Amino acid sequence: MTEPNADPQSPIADDRAGFQAVLAAWHTATLRLEKTHEALREEVQHLTRELEVKNRELARKNRLADLGQMASHVAHEVRNNLVPVTLYLSLLRRRLAGDAAGLETLDKIGAGFRALDVMVHDLLNFTSDRDPQVQIFPVHKLLEDIRASLAPQLEAQRISLVLQVAAEHCLGADREMIRRAVLNLVLNGVDAMPDGGTLTVACLAEPEGLALEVSDSGPGLPDDVLPRIFEPFFTTKQGGTGLGLAIVSRIAEAHGGSVTARNAPGGGAAFTLRIPKQEPVR
């Protein structure tokens, strides 16, 4: 015996319709909760990754700060002791005026002390933590000054330094710090071309500020070197301090900018120093 069809207007039909509506609402709410949960999970993962990056960066900065304090102390102590030694070498040179072999040995000692003084100078520049003294200056004049100061070395190594900068390009930054950064990049390019070549310094206007690109026609950078190129004390040069490019990075950060390295498509390495627009402090 079969049950008669339920009356659509009966209480049973109303209960079924209500139950189905509740199930549909529950299903919709469940789907929304699942989507919300997934979105929250992805956001938590994203924030966790960002936090890990920030923690690594903070740890790196803390290590650099500790290293900077130690390096600054050592550099000052070494420089203080270099002064009297240099004086004694000068006095000794006078006494050995007629001794060719003795003077040759003294020249080697002097070369060693000069190399040590260069390292101390780089350490002091690396540990310098002063705020930039911002002023407006023409970029082309700065680059011309650098080219003039390096003219003998460039000529001796048969390197052509090409400047690509418009006369109207001006930069708001600490002129001495930028000079030091560009000089380090240029010297890095010079070291990469012991047999001669072309070094190009270009100034490019960008919406956020100016970009200075220093590129060479050397062999370029190995892929395993690129990620570490700006690390303090990392160097592939025999006798290098590993601080030249680290100083460039510190100067860029002090100005709120950045420096990057890449291998140019036509060969050689290219370094780009980006400095955002800044107004001089009045």
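When the Cα convex hull of the chain is projected onto planes of every orientation, the mean area is 30.2 nm².
Highest mobility in the GNM of the chain, judged by mean-square fluctuation with C-alpha springs under 10 Å and restricted to Gly196, Gly209, Gly18, is found for Gly18. The alpha carbon gyration tensor of region 135-276 gives principal lengths a ≥ b ≥ c with a/c of 1.5 or higher and a/b no greater than b/c, which makes the shape oblate.
Given the -39500 (n - 2.57) contribution per DSSP H run of 4+ residues, what per-residue ellipticity at 222 nm results for the chain, rounded to the nearest 500 deg cm²/dmol? Show your work: numbers first, answer last.
Working: 6 runs with 158 residues, N = 282.
It lands at -20000 deg cm²/dmol.
For the residues Ala59, Ala24, Ala254, a GNM of the chain with alpha-carbon springs under 10 Å puts the largest fluctuation on Ala24. By the scheme Lys and Arg +1, Asp and Glu -1, what is the net charge of all other residues having a beta-carbon under 15 Å from that of Ala264? With Lys, Arg at +1 and Asp, Glu at -1, the net is -2. Each peptide among 221-228, 141-148, 186-193, 30-37 gets the average number of other Cβ atoms lying within 10 Å of its residues, and from highest to lowest they stand as 186-193, 141-148, 221-228, 30-37.
Membrane-span-like helices in the chain, defined here as complete DSSP H runs extending at least 20 Å along the helix axis by their C-alpha atoms with mean Kyte-Doolittle hydropathy no lower than 0.0, are 100-127, 175-191; this is a sequence and geometry rule, not a statement about a membrane. Extension gain, Leu58 to Val85, is 5.7 nm, computed as 0.36 nm per intervening residue step minus the present C-alpha separation. Which one, Asn263, Asn184, Asn62, has the greatest fluctuation when you compute a Gaussian network model over the chain with C-alpha springs under 10 angstrom? With Cα springs under 10 Å in the chain, the top fluctuation among Asn263, Asn184, Asn62 is at Asn62.
Taken together, the values in this text are just the output of simple stated rules run on the coordinates, not laboratory data. The model shown is predicted, which means the values in this text are computed figures rather than measured ones. Quick reminder, even Gly has a Cβ in these numbers, built from the backbone with ideal geometry, and neighbours come from all protein chains shown.
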